[in-house]
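The structure appears right after this line, and notes come after that.
The values are calculated or read from the model by the stated rules, or taken from the named source; none is laboratory data. From a predicted model like this one, the values you see are computed outputs, not experimental measurements. Don't worry about glycine lacking a Cβ; one is built from the backbone with ideal geometry, like all the others, and counts go over all protein chains shown. These accessible areas exclude ligands, DNA and RNA; they are computed on the full protein's heavy atoms, side chains included. Shrake-Rupley method; radii C 1.70, N 1.55, O 1.52, S 1.80 Å.
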Amino acid sequence: MQTFTRLDPLRSTLDALRADGPLALVPTMGALHEGHLTLVRAAKARAAHVVASIFVNPRQFGANEDLDAYPRQLARDQALLEAEGVSLLWAPEAAAMYPAGYATNISVSGVSDGLCGAARPGHFDGVATVVCKLFNQVQPDLALFGEKDWQQLAVIRRMARDLDLTRPHVGAIVGVPTVREADGLAMSSRNAYLSAEQRSQAATLPRAMKGAIAAMLDGRSVAEATAQLVAALTSGGFSSVDYAEVRDPDSLAAVTEPACQPARLFVAARIGGTRLIDNMAIAPA
Ligand code: PAF
């Protein structure tokens, strides 16, 4: 596996790889875990070559967020990607991605509003901008993203549709189901911030979400079920809940009758200084 940090050699090598068949892109910010490797495996099953990217994108972090603390472990990540048979790693430095004079921002309204968009102003502009750049730099036939960041996936699909992107086109943006630890906690690079006690408390999140989903399928209102969820998180050790909401899976519009229409439960909650997010379909198990 070759690692590239500059665009010109990346482009000529990608042209050669493309001759072998479809090219899949797995964009990441590094600190790889089993969830990322599942994306790589899903990509390998669909393409002749997999390109991974690692870039801790400053534009998607707010002023008081964890940009400096975000785990960076390039050598370890390279070894993991190599072992999975990734053909090429694109790991630009910030100056290569946003050179002096850089002035363009992509903002996707609607799906970016609310949920994480409300708690993290500007976050999805940063995501849409860097993902559009990554798509243009790599020009993959398909790209894969984890469903744990469901709103992110909705933003990226909306952007691809609205900007008529062709590499990849919107139908080739693939969502891969969330990979979970044995106790149900969704895998995330931020789980590494949790102390041992916080890590065991964090398992309250998927448990309480399943409880709320069962309550809604049993006829409880969204308001009652989410209030029950917030109470369970608070008594389980979470310090605050940013949101617990039921939304349409595609438009992300609010849903009031989740037992009768497609719906997902979205939660973001903090445990100590760490913010965890998760989402689940509201459907019988
Ligand atoms: O999900 C992530 O890791 C990031 O938001 C992404 C898509 C790589 C963009 O920086």
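Of all residues in region 103-124, which are in contact with a strand residue (DSSP E or B) (Cβ under 6 Å, 6 or more places away or on another chain) and either loosely packed, with under 11 Cβ neighbours inside 10 Å or of a type in the set (Gly, Ala, Ser) (or both)? The answer is Ala119, and nothing else. Annotation for region 95-102: no member residue is within 13 Å of the ligand (Cβ to nearest atom), small (Gly, Ala, Ser) and either open to solvent by less than 30 Å² (accessible area, probe 1.4 Å) or at pLDDT 95 or above (or both). Number of residues in region 195-241 that are open to solvent by 20 Å² or more (accessible area, probe 1.4 Å) and of a type in the set (A, V, I, L, M) equals 10. Here the condition is being within 13 Å of the ligand (Cβ to nearest atom), surrounded by fewer than 19 Cβ atoms within 10 Å (Cβ to Cβ) and under 18 Å from the mean Cα position of the chain (by Cα); of Arg190, Arg180, it holds for Arg190 alone. From the set of residues in region 136-155 that are within 11 Å of the ligand (Cβ to nearest atom) and of a type in the set (S, T, N, Q), which is least open to solvent (accessible area, probe 1.4 Å)? Among residues in region 136-155 that are within 11 Å of the ligand (Cβ to nearest atom) and of a type in the set (S, T, N, Q), the one least open to solvent (accessible area, probe 1.4 Å) is Gln151.
Residues in region 242-260 that are open to solvent by 60 Å² or more (accessible area, probe 1.4 Å) and in contact with an Asp or Glu (Cβ under 9 Å, 6 or more places away or on another chain): Ala254, Ala259. Can you confirm whether Ser112 is under 30 Å from Ala281 (Cα atoms), away from the ligand (no atom under 12 Å from the Cβ) and in contact (Cβ under 8 Å) with a residue 12 or more places away in the chain? The answer is yes for Ser112.
Checked against the criterion of being small (Gly, Ala, Ser), surrounded by fewer than 18 Cβ atoms within 10 Å (Cβ to Cβ) and at pLDDT 95 or above, region 267-279 has no qualifying residue.
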